[in-house]
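Input: a single structure, listed below in structure tokens.
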Amino acid sequence: MKEVVLHVYDVTNSGSEKTNNTILQINRIFKDRIGLGGIFHSAIQVFGDEEWSFGFCEQGSGVFSCPPGRNPMYTYHERIVLGETNCSIFKVNQILRELGQAWPGHSYDLLSKNCNHFCDAFCERLGVPKLPGWVNRFANAGDTAMLVAGNAAFSMKLFQIHCLLLQFFPHVYRCIF
């Protein structure tokens, strides 16, 4: 049995100190005080000194690794032990190869196929519980809202919101459009 650890980060990579501080405040209020969630990046660590996650890239797999708790794109928030896996290191490597093929970088979607969805899929394969609901609650709520409100007015409003987000998170541009 090997421990499976979730590493959670605040998404503070906008290049704007004001925006980053706003995100930190949102995460503290909505996650830490109210328990609803926030704007988070996540990664899974099992066997060794690498954590695994998913992100956008134009070609190849979106699955990537970095040292645990040290993703340079984000601000570290917390470490959560999810449980223990019965998988051997060889099985974990096989799972990562399979996920690497099933999760191409160009398929990244901020609301419906992001790093938190990847971590849930990885946890399922490892036989440990999924991520706490608060980790991806904002994206899930946004995705549900998009499905429920399939009208043009909502789509236009959402487009305007995406445009505003792109101002503050230009690296996301390729992920959304």
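Computed from the coordinates by the stated procedures, all read-outs in this text should not be read as laboratory data. Quick caveat: nothing in here was measured; it's all calculated off a predicted structure. Glycine also receives a Cβ, built like all others from the backbone with ideal geometry; neighbour counts cover every protein chain displayed.
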Any residue at all in segment 84-100 that's under 18 Å from F118 (Cβ atoms), among the aromatic types (F, W, Y) and out of contact with any His (no Cβ under 9 Å at 6 or more places or on another chain)? no
Just give me the residues in segment 48-75 being exposed (fewer than 14 other Cβ atoms within 10 Å of the Cβ) and touching a Gly at 6+ places or on another chain (Cβ under 9 Å), in sequence order. E58, Q59, G60, M73
Quick test for you: out of L82, L110, pick the one residue that is in contact with a Leu (Cβ under 6 Å, 6 or more places away or on another chain) and hydrophobic (A, V, I, L, M, F, W, C). L82
